[in-house]
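Heads up: the structure comes next, in C-alpha cells.
The values are calculated or read from the model by the stated rules, or taken from the named source; none is laboratory data. Keep in mind that this is a model prediction, so the values were computed, not measured. Here Cβ is always computed from backbone atoms with ideal geometry, including for glycine, and neighbour counts include all displayed protein chains. Surface areas here come from the heavy atoms of the whole protein model, side chains and all, with no ligands, DNA or RNA. Shrake-Rupley method; radii C 1.70, N 1.55, O 1.52, S 1.80 Å.
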Amino acid sequence: MNMNALMYNLTSNNKLKTFGQKLTRSYTWKKLGFVAFRWILFAGLIYVLIYPLLYIFSTSVKTYDDLIDPTTVWITKNFTLQNIADAYKYLGYAEAFKNTFIISITTSIMQIIMCSIIGYGFARFKFKEKGLLFGLIMFTMIIPPQTMIIPQYIFYKDFDILGIVSLFNGKGINLHDTYVPFILPTFFGMGLKSGLFIYIFRQFFRGMPQELEDAAYIDGCGPWRTYHKVMLPNAAPAILTVFLFSFVWHWNDVFEPTMYLQSQSKYTLPMKLVGIVGYITKGFQVKDLLYIVPIKYAGILIVIAPMIVLYAVGQKYFVESVERAGIVG
Amino acid sequence: MKLRSSSLEGKKAIAGRFFVYPWVVGMLIFFAKPLVESIIYTFNELKITKTGLASTFVGTKNYMYAFTRDPFFIDTLIKTITTMVLDLPLIVLFSLFAAVMLNQEFKGRGLVRSAFFLPVIITSGALVYVLQSDMTSAQVNAETVKNSMPMVQNLDFKQMMLQVTNNIRFVQPLIDVMDRVFIIIWKSGVQILIFLAGLQSISSALYEAADVEGATGWEKFWKITFPMISPIIIVNVVYTIIDSFTDYNNEMLRYILNTAFAKIQYAYSATIAWIYFIIVFGVLLAIVGLISRKVFYMNE
C-alpha cells in the first residue's frame, strides 16, 4: 500500500488528473461547447467563402429595376434569365467554351503522360545526375513565366527548329494564334506547373512497393514494359489528381492565352471575360453603369459554372486525392 | 573487365535516363534558352524595326533607370512585397488552423472541406480582375480596391464606424484588416489541402502514446502535431510565396505586362521582371532559412 502511494505521488500528472476530473464532471457541457464553437466558426468561414458566389448569382438574375430598388438586396422581385442570355451572346460562349475545352483537355492528357514518365524515371532509377536534375525541376517552378515573356513571344513568332523550317520558308512559321504554344511544351514535361506534377508522380511511385517492380523484372519485363503494364495501372489516384489540377489550372489561366492568341475566334473563356465590358458597350460610353452590371455578373456566372459543375461532380476526388496520392509523408 | 553499362545497375541507369531526358530537352528549349535570352535583353535596348527586333547593347542603363528614374517601379515593388510578407504568416497559420479543425471527425466534414477548396476552382485571374474593375467600388477607395474583392467592402459598416468613432485613422486600418481577412481565406485553399494530407500522415501511434501518458489536447498539438508538420510548413511557405508572386492581379505583374505589351518597352519590362524575381527569391531564401532551423525531421 505504501509503495503504491509513493508511486502515485511521484507521477507528475497527478494533480492535473484530479483537477481535470473535476472539469469533466461537466463533460457533456464541454463537448457541447466545443462542437458549438466549431460550428459557429465553420458557419462564419463558409459564409466568407460562399458569399461571392451567392452575390454573383443574385446579381445576375436581377433586372435593372431591382438594382435601383433599395429594398431588394439578395432576393429579386423580378427573376430574369435575360442577363444570362445576353451574356451568352456577348461572350460568344459556345465557341470560347470549345476553345477552352480543347486547350485544357489536350494539355492535361499530355501532362499526365509525360509527367508520369518523368516522375517514374526519377523515382525508380538511379543515375548520377538525378539530384541535380530534380533540383532543376524545382527551380523551373519557382521562376515565373513573366520573366520570359519576351523571348517566348519571339520564339513562337518565328518558330524554327534547328533551322529546318527556314529551309523551306526563308524564316520560321508564325505560331501565334494557334494552340501549339500551349501544347508543345507539355510534350516535354514543361507545361504549366509541370514541376508540381512531376513531383506528385515521383512521390507516388516512390511509395509503391518495390516487390511489384522486382516481380515484373523477374518475369522478364524491361523498364518500359514494367512502367507501362505494372506501375501505370496502379497509379489511378495520382493520375486523377494531376488531371483535375491541370484541367482546372489551364481552364482558368489567363496569362498564356493573352500572350499567344490574337484573333477573337480563338479566345478562351476567361479571356473573353476580361474584356466583357467592351463587348457589351461596343466601345460606346455608357452613362449609367447599372445597365452593364447584371450582364457582367451573369457573364462571370456562366464562365465559372463549368468549373463549379466539375467540382460538384468530382469534389470527393479533388479533396481526397491529394492524400491518397501520398504526396506527403 | 566488364563495362559499367552492362551490369544491372548500369542498365537501369541508362533506362532511367531515357525516361527523364525528354524533360531535359524540353527544359533547354523552353526554359534555359528563354531565360538566358531574357537576361541578355535586360542589358540591351530593343527596338522594333522592319526586319524584326534590333538590339543595341547599353550596359546597365535599364537597371539604373529602374532604380533611379522610374516613378512607379520602387513604389509598386515595395507595396507588392509588403503585401506578400504580411499575408504570408496569416495564410499559413490560418490554413494550419483550418486543417487541424477539418481533420477531426464530424458530420458534414466532406462538405466543409469542399467549401474550403472552392476558391481554388473558381479563382481565375480574369474573375478577380473583372470584379476589381467594378466601377461602384472604385469610387469608394482606390487603395483598398486592389486588396480585396470589392463586393465585400462593407460600405455600411465603414460608415457606421466612422459615425461612431469619428476618427478615420482608427477606422481605416480596421477596415483594411477585415478586407484582408477575406483575401486570406480565399487564398488558403491549396495550403489547407497540403496540411490536411500532412496531418493524415502523422501516425496515430504517437497520439495514442500521448493519451496513455495523459496529455491534454493543447499539449498534444504543440508537442506532436506541430513538430511533425513543420517540414510541411516550409512547403506551404514556399508555395504561398510563389503563388502570391505570380498572381495575375498582382500589381507588379500587371505593371510588367503593361510595360511589355502596352508601352512596348521590351527590354525594360524584362529588367523589372528580373529585379522583381531576384528580390522575391531573396525574400524566399531568407524566410526559408529562418524557418528551417526550427524544423524537426523525424528521420534524422
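Of everything in segment B:98-149, what is at pLDDT below 65 and open to solvent by 30 Å² or more (accessible area, probe 1.4 Å)? Give them in sequence order. Give the derivation first.
Pass one, segment B:98-149, residues at pLDDT below 65: B:124-149.
B:129, B:133, B:135, B:136, B:138, B:139, B:140, B:141, B:142, B:143, B:146, B:147 - these are the residues of segment B:98-149 that are at pLDDT below 65 and open to solvent by 30 Å² or more (accessible area, probe 1.4 Å).
Just to confirm my filter: which helices (runs of 4 or more DSSP H) fall fully inside segment A:185-269 and include at least 3 residues that are closer than 30 Å to residue A:97 by Cα? Even if it seems obvious, please write down each step before you answer.
On the way: elements: A:194-206, A:210-218, A:236-252, A:255-260.
Qualifying helices (runs of 4 or more DSSP H): A:194-206, A:236-252, A:255-260.
Answer yes or no as to whether residue B:93 is closer than 19 Å to residue B:198 by Cα, out of contact with any Pro (no Cβ under 7 Å at 6 or more places or on another chain), modelled with pLDDT of 80 or more and open to solvent by 60 Å² or more (accessible area, probe 1.4 Å). Don't jump to the end; show me each part of the working.
Numbers: closer than 19 Å to residue B:198 by Cα: yes; out of contact with any Pro (no Cβ under 7 Å at 6 or more places or on another chain): yes; modelled with pLDDT of 80 or more: yes; open to solvent by 60 Å² or more (accessible area, probe 1.4 Å): yes.
The answer is yes for residue B:93.
Do any residues in segment A:72-88 that are over 24 Å from residue A:273 (Cβ atoms) and touching a residue at least 60 places away in the same chain (Cβ under 8 Å) have Cβ atoms under 9 Å from those of residues that are loosely packed, with under 15 Cβ neighbours inside 10 Å and among the aromatic types (Phe, Trp, Tyr), where the two are at least six apart or on different chains, and which pairs are they?
The qualifying pairs do not exist here.
Does residue A:240 satisfy the condition of being touching a residue at least 24 places away in the same chain (Cβ under 8 Å), more than 11 Å from every other protein chain (Cβ to nearest Cβ) and open to solvent by 30 Å² or more (accessible area, probe 1.4 Å)? Reasoning before the result, please.
Numbers: touching a residue at least 24 places away in the same chain (Cβ under 8 Å): yes; more than 11 Å from every other protein chain (Cβ to nearest Cβ): yes; open to solvent by 30 Å² or more (accessible area, probe 1.4 Å): yes.
The answer is yes for residue A:240.
Restrict the check to segment A:170-177 and report whether at least one residue is surrounded by fewer than 16 Cβ atoms within 10 Å (Cβ to Cβ), more than 30 Å from residue A:255 (Cα to Cα) and at pLDDT below 80.
Narrowing segment A:170-177 to residues surrounded by fewer than 16 Cβ atoms within 10 Å (Cβ to Cβ): A:170-171, A:174, A:177.
Next, only the ones that are more than 30 Å from residue A:255 (Cα to Cα) stay: A:170.
Then keep just the ones that are at pLDDT below 80; that gives A:170.
Within segment A:170-177 (the criterion being surrounded by fewer than 16 Cβ atoms within 10 Å (Cβ to Cβ), more than 30 Å from residue A:255 (Cα to Cα) and at pLDDT below 80), the answer is yes, since at least one residue qualifies.
Only residues that are modelled with pLDDT of 85 or more and loosely packed, with under 14 Cβ neighbours inside 10 Å: list them for segment B:201-220, please.
B:205, B:208, B:209, B:211, B:212, B:213
Select from segment A:182-233 the residues that are in contact with an Asp or Glu (Cβ under 8 Å, 6 or more places away or on another chain), open to solvent by less than 30 Å² (accessible area, probe 1.4 Å) and of a type outside the set (Ser, Thr, Tyr) and list them in ascending order. Working first, answer last.
Going residue by residue through segment A:182-233, those that are in contact with an Asp or Glu (Cβ under 8 Å, 6 or more places away or on another chain) are A:182, A:192, A:226, A:230-231.
Filter once more, keeping what is open to solvent by less than 30 Å² (accessible area, probe 1.4 Å): A:182, A:226, A:231.
Of everything in segment A:182-233, those that are in contact with an Asp or Glu (Cβ under 8 Å, 6 or more places away or on another chain), open to solvent by less than 30 Å² (accessible area, probe 1.4 Å) and of a type outside the set (Ser, Thr, Tyr) turn out to be A:182, A:231.
State which residue pairs qualify: first residue under 21 Å from residue A:232 (Cβ atoms) and at the interface with chain B (Cβ under 8 Å from one of its Cβ atoms) and inside segment A:121-133, second residue open to solvent by less than 20 Å² (accessible area, probe 1.4 Å) and not in a helix (DSSP H, G or I) in any location, beta carbons under 9 Å apart, and separation of 6 or more residues or different chains.
A:121/A:127
For residue B:46, state whether it is in contact with a strand residue (DSSP E or B) (Cβ under 6 Å, 6 or more places away or on another chain) and of a type in the set (A, V, I, L, M, F, W, C).
On the way: in contact with a strand residue (DSSP E or B) (Cβ under 6 Å, 6 or more places away or on another chain): yes; of a type in the set (A, V, I, L, M, F, W, C): yes.
Yes: the conditions hold for residue B:46.
Could you say which residue among B:42, B:49 is within 27 Å of the chain's Cα centre (by Cα), open to solvent by less than 70 Å² (accessible area, probe 1.4 Å) and modelled with pLDDT under 80?
Values: B:49 fails: within 27 Å of the chain's Cα centre (by Cα).
After ruling out the rest, the residue left standing is B:42.
Can you say whether residue A:37 is modelled with pLDDT of 80 or more, more than 29 Å from the chain's Cα centre (by Cα) and aromatic (Phe, Trp, Tyr), as far as the supplied structure shows? Steps first, please.
Working: modelled with pLDDT of 80 or more: yes; more than 29 Å from the chain's Cα centre (by Cα): yes; aromatic (Phe, Trp, Tyr): yes.
In short, yes.
List the pairs whose first member sits in segment A:55-68 and is under 21 Å from residue A:304 (Cα atoms) and of a type in the set (Gly, Ala, Ser), whose second member is open to solvent by 40 Å² or more (accessible area, probe 1.4 Å) and not in a helix (DSSP H, G or I), and whose Cβ atoms are under 8 Å apart, counting only residues at least 6 apart or on separate chains?
Pairs found: A:58/A:74; A:58/A:75.
Have a look at A:96, A:43, A:87 and point out the one that is exposed (fewer than 14 other Cβ atoms within 10 Å of the Cβ) and assigned to a helix (DSSP H, G or I). It would help to see each step written out before you state the result.
Working: A:96 fails: exposed (fewer than 14 other Cβ atoms within 10 Å of the Cβ); A:87 fails: exposed (fewer than 14 other Cβ atoms within 10 Å of the Cβ).
Going through A:96, A:43, A:87 in turn, the sole match is A:43.
Residue by residue, here is whether (1) touching a helix residue (DSSP H, G or I) at 6+ places or on another chain (Cβ under 9 Å); (2) touching a residue at least 24 places away in the same chain (Cβ under 8 Å); (3) farther than 27 Å from residue B:259 by Cα; (4) part of a helix (DSSP H, G or I) holds:
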{"residue": "B:18", "(1), (2), (3), (4)": "yes, no, yes, yes"}
{"residue": "B:25", "(1), (2), (3), (4)": "no, no, yes, yes"}
{"residue": "B:31", "(1), (2), (3), (4)": "yes, no, no, yes"}
{"residue": "B:46", "(1), (2), (3), (4)": "yes, yes, no, no"}
{"residue": "B:64", "(1), (2), (3), (4)": "no, no, no, yes"}
{"residue": "B:76", "(1), (2), (3), (4)": "yes, yes, no, yes"}
{"residue": "B:82", "(1), (2), (3), (4)": "no, no, no, yes"}
{"residue": "B:87", "(1), (2), (3), (4)": "yes, yes, no, yes"}
{"residue": "B:95", "(1), (2), (3), (4)": "yes, yes, yes, yes"}
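Pairs needed: first member in segment B:179-191, more than 14 Å from residue A:50 (Cα to Cα); second member anywhere, part of a helix (DSSP H, G or I) and at pLDDT below 75; C-beta distance under 8 Å; at least 6 residues apart or different chains.
The qualifying pairs are B:179/B:144; B:179/B:152.
Assuming residue A:91 fulfils every condition listed in (1) more than 14 Å from residue A:301 (Cβ to Cβ); (2) more than 10 Å from chain B (Cβ to nearest Cβ); (3) of a type outside the set (S, T, N, Q) apart from one, which condition is it?
With (1) more than 14 Å from residue A:301 (Cβ to Cβ); (2) more than 10 Å from chain B (Cβ to nearest Cβ); (3) of a type outside the set (S, T, N, Q) applied to residue A:91, the lone miss is (1).
Can you tell me how many residues in segment A:82-107 are hydroxyl-bearing (Ser, Thr, Tyr) and at pLDDT below 85? Before you say what the answer is, go through the steps one by one.
Start the filter on segment A:82-107 by keeping residues that are hydroxyl-bearing (Ser, Thr, Tyr), which leaves A:88, A:90, A:93, A:100, A:104, A:106-107.
Next cut, at pLDDT below 85 only: A:88, A:90, A:93.
Looking only at that region, the number is 3.
Go over the candidates B:175, B:192 one by one and state the one that is part of a helix (DSSP H, G or I) and over 30 Å from residue A:246 (Cα atoms). Even if it seems obvious, please write down each step before you answer.
Details: B:192 fails: over 30 Å from residue A:246 (Cα atoms).
Every option except B:175 fails the conditions.
Could you list, ordered by first residue, the pairs with Cβ atoms under 6 Å in which the first is in segment A:98-114 and over 23 Å from residue A:227 (Cα atoms) and the second is among the β-branched types (Val, Ile, Thr), at least 6 apart or interchain?
Within 6 Å, the pairs are A:99/A:268; A:100/A:268.
Which is at the interface with chain B (Cβ under 9 Å from one of its Cβ atoms) and either open to solvent by 60 Å² or more (accessible area, probe 1.4 Å) or modelled with pLDDT of 70 or more (or both), of A:258, A:281? Reasoning before the result, please.
Details: A:281 fails: at the interface with chain B (Cβ under 9 Å from one of its Cβ atoms).
Only one candidate passes the filter, namely A:258.
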